[in-house]
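Novice: Encoded as structure tokens, here's the structure I'll be asking about.
The values are calculated or read from the model by the stated rules, or taken from the named source; none is laboratory data. Computed from a predicted model, the values in this text were never measured in an experiment. Heads up, the Cβs are rebuilt from the backbone with ideal geometry, glycines too, and the neighbour counts pull from every protein chain shown. Just so you know, the surface numbers come from the protein's heavy atoms only, side chains and all, with ligands and any DNA or RNA stripped out. Shrake-Rupley method; radii C 1.70, N 1.55, O 1.52, S 1.80 Å.
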Amino acid sequence: MTVREPGERRTEATVLLLFGLTGACGLGLLVVYALGGQPQVEGVLLFGALGGLGAGIVLWGQRLMPTRVHIEPREPVGGGPEAVAGLQEPLAEEAGFSRRRLLILGLGGALASLAAALAIPVFSLGPAPGRSLFVTAWRAGRRLAPEGGPPVRADEVPIGSVLTVFPDGDDSDPNAATLLIHVGDRPGQAPTPDQFLAFSKICTHAGCPVGLYREQDHVLICPCHQSEFDVLHGAQPLSGPAVRPLPPLPFRLEADGTFTALGDFPEPVGPSFWDMKL
Amino acid sequence: MSARPGPASGALRWFDDRTGLAPVVRAGLRKVFPDHWSFLLGEIALFCFVILILTGIFLTFFYVPSAAPVSYEGPYAPMHGREVSAAYESVLRISFETKAGLLMRQIHHWTALLFVAVIVLHLSRVFFTGAFRRPRELNWLMGFTLLALAMALGFTGYSLPDDLLSGTGARIAYSAALSIPFVGPWLAFLGFGGEIPTEAFLARFYVLHIMLLPGLVIALIGAHIGLVVLQKHTQYKGGPAREDNVVGRAFWPGQAFLSTGLFFLTAAIAALLGGLFQINPIWLFGPFDAAIVSSPAQPDWYVGWRDGALRIFPPFEPTVLGSTIPAAFIPGIVIPGAVFTAVALWPFIEAALTGDREPHHLLDRIWEHPGRTATGVAILAFFSVLTLAGGNDVLAFSFGFELEFLTNAFRWLALLLPPVAWIVTWRLCRARLREGERRGPPAAGRAVRRRPDGGFEEVGE
Ligand code: FES
């Protein structure tokens, strides 16, 4: 076709302009890159370059090419019973499978045992769970210390504050993370010398660290799904999806003001698993 | 036809002499593509994947999948001297020191969000038009698997920067795996290499993210498109379209130009988003620290619904025959698993319900199959409620609601909205159907012929 409609010529000019935009933006990208780069400018220039090209090509195809409607016949997918029979013949009958039942069984057994043997190394991927979900790094006699620091003293934790502590000198076990809370005088109870409580920091719902403490009503809040735990009542869940209380860490307040663990948590920390009570 | 030397005839000749494929390629060029914007969604998903591969390759040159501690000495001053993982440091280096690195990273992340979104739209189109019916059940299953793989790719990628948020996401996935009765602890330990957080998991997620999962996606996309070529496209009713033909434009040049242009336009949008809109600024979140979580921790949009399910499911942890059913099990595994399985098997469920096992190449209009449309809308409503519930703390904060009240409201909505949506949709479809019946038989049953002037006329049965 050599005859050009005026509309066609206008479209041609537009397409050419769009391609020109691509060229200009591409050059711009080179310059920006050479000058040290700037993400926003790069993004906009790349948008211009790619967009010009894309719009130009679409316009060319839609406006300047024949838009003839093609109608193609559609045969049914699949050749029906004859085709299947024709396939079965070389596949099964020639090989004589129906006469070799025993061999087929044997082959199946051999393949299954080989597959099992080859699948076994999957167990190299991780240690056996064993008892590891039931224990943390806490042992009787270990002192409570902030991550990487010396053992904490009672006078370093003001009333109403929370400190994340680990066994002194060993913060290798993240699941030992414990919240040491100075609750002050317990309402409704005679003031006691030990106004400190310690609970596992790992949420019993899905294992997020329980990070927020609301001082007025002594509530610990897990930011992941908003479980709330009542600190003054054994960290029982108040609301949210958690069911088990945060396990308490047994400890003693020493004469020098430090805290010593009396043992590990009495039950597994973190999210539940099926055999935790077996 | 005379052997007129056309463009590139020498090269074509050379090609055909060695492969004999000229007629096959010719047939390919003539392949007919029905013309409707909704058929382009799948193509856009493919283009997103191509962009992900290209930007992803760039990122692999700089990323270090290692949890080894290093002291940060780069140009981002607030992080100076802090001990971070080598992975986190490498992502900071990509963001601040590699030229065009931040742009690539942000394009990659934005495109990942688009990728899943476009797949969901494409799947919805296929669902609501009944394109999954015989003979296309296999392609539905493959498309569904591709959606699952895309989400797995997004999740593994989200975990790689080893920042505060990504660690939280991995931890919740670990806890969901741990919650499965009998096999949970083994599964979680094998998958993550022990009790989380582990050093092994970054390297594993990296291999999954850049090799195993993309490999599977490439293979499945190939099979998915291959089946479309073998079975030919479905098409909407109307005009000359019938069950035994395909009406549309040829691959060459019409569709080829449209698709190529669309690829560049998709890339252009991704570039604009990646350039102008900050995403996942991990330097603000800080490095991963098992003892810290930032609030509110918002995941990528397509995992929000699972977060929502975990948030609003009531506290429930029964002990059955001595074994514990963990609180995360039902909302984190059972409900998503059940809904996803139902969606995956929908072609077979629908065939069993309707008894319709005939091949279909003409698409339904959305109201023509009220039960199906209502079910699809109900499922979308369910996921929307869960996704909103995943932001209940943000909503409570921004609109001044009590969190407790919002959580309860979402519980009721999750239970009631899907059935209500089902009934409303069903009735709307029925009303539209009845109106159509009053107006006479649908156009699909009539044969038409093209008039010389380009219009169509009916020719009777
Ligand atoms: S992990 Fe704490 S509420 Fe879910």
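Novice: Determine which member of the set B:Thr341, B:Thr375 is more than 11 Å from chain A (Cβ to nearest Cβ), hydroxyl-bearing (Ser, Thr, Tyr) and surrounded by fewer than 19 Cβ atoms within 10 Å (Cβ to Cβ).
Specialist: On the way: B:Thr375 fails: surrounded by fewer than 19 Cβ atoms within 10 Å (Cβ to Cβ).
So the residue among B:Thr341, B:Thr375 that is more than 11 Å from chain A (Cβ to nearest Cβ), hydroxyl-bearing (Ser, Thr, Tyr) and surrounded by fewer than 19 Cβ atoms within 10 Å (Cβ to Cβ) is B:Thr341.
Novice: Okay, moving on. Checking the condition surrounded by fewer than 13 Cβ atoms within 10 Å (Cβ to Cβ), more than 14 Å from chain B (Cβ to nearest Cβ) and assigned to a loop (DSSP other than H, G, I, E, B), which residue from A:Pro151, A:Pro158 passes? It would help to see each step written out before you state the result.
Specialist: Details: A:Pro151 fails: surrounded by fewer than 13 Cβ atoms within 10 Å (Cβ to Cβ).
The conditions single out A:Pro158.
Novice: Which numbered condition in (1) open to solvent by less than 30 Å² (accessible area, probe 1.4 Å); (2) more than 10 Å from chain A (Cβ to nearest Cβ); (3) more than 30 Å from A:Val122 (Cα to Cα) is the only one that B:Ile225 fails?
Specialist: Condition (1) is where B:Ile225 drops out.
Novice: Another question about this same structure. Please find, among A:Glu267, A:Glu228, the residue that is more than 28 Å from A:Asp170 (Cβ to Cβ) and either in the same structural domain as A:Ile181 (by TED's automatic domain parsing) or open to solvent by 30 Å² or more (accessible area, probe 1.4 Å) (or both). Don't jump to the end; show me each part of the working.
Specialist: Numbers: A:Glu267 fails: more than 28 Å from A:Asp170 (Cβ to Cβ).
Only one candidate passes the filter, namely A:Glu228.
Novice: Mind checking which residues of segment A:237-264 are within 27 Å of the chain's Cα centre (by Cα) and not basic (Lys, Arg)? So that I can check it myself, show each step before the final result.
Specialist: Step one: filter segment A:237-264 for residues within 27 Å of the chain's Cα centre (by Cα), giving A:237-247.
Listed by number, the residues that qualify are A:Pro237, A:Leu238, A:Ser239, A:Gly240, A:Pro241, A:Ala242, A:Val243, A:Pro245, A:Leu246, A:Pro247.
Novice: Quickly run through segment A:197-217 and pick out the residues that are at pLDDT 90 or above and away from the ligand (no atom under 16 Å from the Cβ).
Specialist: Matches in segment A:197-217: A:Leu197, A:Ala198.
Novice: Hey, does segment B:81-91 have a residue that's open to solvent by 60 Å² or more (accessible area, probe 1.4 Å), modelled with pLDDT under 95 and among the β-branched types (Val, Ile, Thr)?
Specialist: Restricting attention to segment B:81-91, the residues satisfying the condition of being open to solvent by 60 Å² or more (accessible area, probe 1.4 Å) are B:82-83.
Next cut, modelled with pLDDT under 95 only: B:82-83.
From what is left, the residues that are among the β-branched types (Val, Ile, Thr) are none.
No; the residues of segment B:81-91 include none that is open to solvent by 60 Å² or more (accessible area, probe 1.4 Å), modelled with pLDDT under 95 and among the β-branched types (Val, Ile, Thr).
Novice: Search segment B:131-166 for residues being open to solvent by 20 Å² or more (accessible area, probe 1.4 Å) and in contact with a Pro (Cβ under 6 Å, 6 or more places away or on another chain), and hand back the single one that is farthest from B:Gly222 (Cα to Cα).
Specialist: For segment B:131-166, the residue satisfying everything is B:Arg134.
Novice: Quick one: which helices (runs of 4 or more DSSP H) sit completely within segment A:1-106 and have at least 2 residues that are surrounded by 11 or more Cβ atoms within 10 Å (Cβ to Cβ) and in contact with a Ser or Thr (Cβ under 7 Å, 6 or more places away or on another chain)?
Specialist: On the way: elements: A:6-34, A:39-63, A:80-88.
Qualifying helices (runs of 4 or more DSSP H): A:39-63.
Novice: Also, I was wondering about something else. With the condition being more than 38 Å from the chain's Cα centre (by Cα), I'd like the helices (runs of 4 or more DSSP H) fully within segment B:1-60 carrying at least 2 qualifying residues. Lay out the reasoning, then the answer.
Specialist: On the way: elements: B:9-19, B:22-29, B:41-60.
The helices (runs of 4 or more DSSP H) meeting that bar are B:9-19.
Conditions (1) over 30 Å from A:Leu220 (Cα atoms); (2) facing chain A (nearest Cβ under 10 Å); (3) surrounded by fewer than 20 Cβ atoms within 10 Å (Cβ to Cβ), marked per residue:
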site	(1), (2), (3)
B:Ala200	yes, yes, yes
B:Leu216	yes, no, yes
B:Pro240	yes, yes, yes
B:Arg249	yes, yes, no
B:Ile279	yes, no, yes
B:Asp289	no, yes, yes
B:Asp307	no, yes, no
B:Leu310	no, yes, no
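Novice: Just to check your reading of the model, which residue among A:Arg139, A:Arg143 is touching a strand residue (DSSP E or B) at 6+ places or on another chain (Cβ under 6 Å), at pLDDT 90 or above and away from the ligand (no atom under 16 Å from the Cβ)?
Specialist: Details: A:Arg139 fails: touching a strand residue (DSSP E or B) at 6+ places or on another chain (Cβ under 6 Å).
Checking each option against the conditions leaves just A:Arg143.
Novice: What is the one condition in (1) open to solvent by less than 60 Å² (accessible area, probe 1.4 Å); (2) part of a loop (DSSP other than H, G, I, E, B); (3) within 24 Å of A:Cys222 (Cβ to Cβ) that A:Phe166 does not satisfy?
Specialist: Result: A:Phe166 fails condition (2) only.
Novice: Sort out which residues of segment B:132-190 are within 10 Å of chain A (Cβ to nearest Cβ) and outside any helix (DSSP H, G or I), and write them in order of number.
Specialist: B:Arg134, B:Pro135, B:Arg136, B:Ser179, B:Ile180, B:Pro181, B:Phe182, B:Val183
Novice: For A:Gln236, are the conditions met, namely being open to solvent by 50 Å² or more (accessible area, probe 1.4 Å) and within 15 Å of the ligand (Cβ to nearest atom)? Steps first, please.
Specialist: Values: open to solvent by 50 Å² or more (accessible area, probe 1.4 Å): yes; within 15 Å of the ligand (Cβ to nearest atom): yes.
Considered against the rule, which asks whether it is open to solvent by 50 Å² or more (accessible area, probe 1.4 Å) and within 15 Å of the ligand (Cβ to nearest atom), A:Gln236 comes out as yes.
Novice: Against the condition modelled with pLDDT of 90 or more and assigned to a loop (DSSP other than H, G, I, E, B), how does A:Val243 come out, does it pass?
Specialist: Values: modelled with pLDDT of 90 or more: yes; assigned to a loop (DSSP other than H, G, I, E, B): yes.
Yes, satisfied.
Novice: Tell me, which helices (runs of 4 or more DSSP H) wholly within segment B:314-399 include 2 or more residues that are of a type in the set (Val, Ile, Thr)? Please lay out each step first, then the result.
Specialist: Details: elements: B:335-344, B:346-354, B:370-389, B:392-399.
Ranges flagged: B:335-344, B:346-354, B:370-389.
Novice: Quick check on A:Pro247: is it within 12 Å of another protein chain (Cβ to nearest Cβ) and either among the aliphatic types (A, V, I, L, M) or within 16 Å of the ligand (Cβ to nearest atom) (or both)? Give the steps one after another, and end with the answer.
Specialist: Working: within 12 Å of another protein chain (Cβ to nearest Cβ): no; either among the aliphatic types (A, V, I, L, M) or within 16 Å of the ligand (Cβ to nearest atom) (or both): yes.
When the stated conditions are applied, A:Pro247 does not pass them.
Novice: Say we look at segment A:250-271 and pick out the residues that are touching a helix residue (DSSP H, G or I) at 6+ places or on another chain (Cβ under 8 Å) and assigned to a loop (DSSP other than H, G, I, E, B); which of these is farthest from the other protein chains (Cβ to nearest Cβ)?
Specialist: A:Gly257
Novice: List pairs: first in segment A:119-138 and within 11 Å of chain B (Cβ to nearest Cβ), second open to solvent by 60 Å² or more (accessible area, probe 1.4 Å), Cβ under 7 Å, 6+ apart or cross-chain?
Specialist: These pairs meet every condition: A:Pro129/B:Trp186.
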